[in-house]
Amino acid sequence: MRMKARATMVALVPALLFAAVGCSSTNTPATGKAPDPKGSAGSAPAAPGAPAPSAAATGSAAPKTGGSRLERSALAQGDLPGYQVSAQGKNPNAPDGQPQADKKACQPLADIMGDKPDPSAREVLSRGVGSQKQVGLAVSATVGSYSESDAKALIARLKAAVAACGSGFSATVGKQTGAYREVRPADYRTGGDESVSWTMTAAAEGVSAQVHLVVVREGDTVVRLTALNVAAAQQKAQVPQEVADKQLEKIKKVQQAG
């Protein structure tokens with residue numbers, strides 16, 4: 001992606017989506033250096049054909065494994081063989097605020113692309129998950145705590161928005177605007193209380209990417225999983241089943257432990 005287009009994509013995809021670039025396979029093709037999106041765990045790819053930087057080389061932060069219930073629920077390095085998990089603070093080059101949709105019915109889908117999957121979230125933690133098995137696959141995994149009623153309402157709003165926004169919409173955050181096209185429901189198995197999944201094409205500055213999202217509620221906790229192929233953005237990507245399963249497994253264990 002060109003530098004300007006890569007920066008604009010910050011407004012199109014959730015925080016940490018490109019974080020896994022620095023954690024993915026060293027065979028991952030790169031397309032040019034650009035500023036990290038917010039929440040990035042490391043630097044953007046280097047010159048074409050150069051190996052992706054490792055988490056250690058880029059100074060990416062290791063996810064915390066203790067602390068609050070949400071911190072214990074989030075994915076951590078070592079949870080998923082064949083993946084690297086990382087987390088770091090917001091990049092200063094990233095725009096602030098939640099994306100604003102041009103269609104009221106589509107606002108829940110714009111919200112889900114922001115720092116918080118929904119403004120009613122009490123606390124949110126995000127992780128970048130880089131696949132060492134599927135070249136270029138980048139996944140973001142965000143866990144958020146809500147009141148249970150707010151969590152249920154979020155899933156209901158998302159289902160309604162996916163049904164209403166098939167023709168697409170645009171969203172703006174800061175001074176950056178992007179378009180979402182071909183919003184389509186997607187079948188996806190999860191072990192949570194309820195879930196919604198969809199695919200769409202995010203586009204800006206002449207660059208587009210196929211994105212897959214899965215949002216799952218488990219009690220008062222909501223998981224947002226997002227995937228795209230950073231090596232070949234036009235290729236369809238899917239959130240790996242083992243990533244979703246492990247994330248839900250951790251949440252359930254923490255909830256059972258109290």
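The values are calculated or read from the model by the stated rules, or taken from the named source; none is laboratory data. Since we're looking at a predicted model, the values are computed, not measured. Cβ placement follows ideal geometry from the backbone for every residue including glycine, while neighbour counts extend to all protein chains displayed. Just the protein is used for accessible areas: all its heavy atoms, side chains included, with ligands, DNA and RNA removed. Shrake-Rupley method; radii C 1.70, N 1.55, O 1.52, S 1.80 Å.
Worth pointing out:
- Tally, over region 96-135, of residues that are part of a strand (DSSP E or B) and open to solvent by less than 10 Å² (accessible area, probe 1.4 Å): 4
- Restricting region 226-254 to residues that are open to solvent by 10 Å² or more (accessible area, probe 1.4 Å) and polar (S, T, N, Q), the residue that is nearest to residue 143 (Cα to Cα): 241
- Pair list, Cβ under 7 Å, 6 or more apart: region 173-198 residue under 11 Å from residue 216 (Cβ atoms) and free of Cβ contacts under 8 Å to residues at least 40 places away in the same chain, other residue open to solvent by 50 Å² or more (accessible area, probe 1.4 Å) and of a type in the set (Lys, Arg): none
- When region 173-193 is filtered for residues that are more than 15 Å from residue 215 (Cα to Cα) and acidic (Asp, Glu), only 182 remains.
- Given (1) within 28 Å of residue 104 (Cβ to Cβ); (2) modelled with pLDDT of 95 or more, number of the condition residue 176 does not satisfy: (2)
- Single unsatisfied condition, residue 257 versus (1) in contact (Cβ under 8 Å) with a residue 12 or more places away in the chain; (2) open to solvent by 10 Å² or more (accessible area, probe 1.4 Å): (1)
- Residue match in region 213-220 (condition: over 23 Å from residue 164 (Cβ atoms) and assigned to a loop (DSSP other than H, G, I, E, B)): yes
- Pairs with Cβ under 8 Å, 6+ apart, first in region 121-135 and without any contact (Cβ under 8 Å) to a residue 60 or more places away in the chain, second part of a loop (DSSP other than H, G, I, E, B) and open to solvent by 30 Å² or more (accessible area, probe 1.4 Å): 123/68; 124/115; 124/116
- Flag if residue 144 is closer than 24 Å to residue 219 by Cα and under 17 Å from the mean Cα position of the chain (by Cα): yes
- Number of positions in region 136-194 that are assigned to a strand (DSSP E or B), open to solvent by less than 30 Å² (accessible area, probe 1.4 Å) and at positive phi: 0
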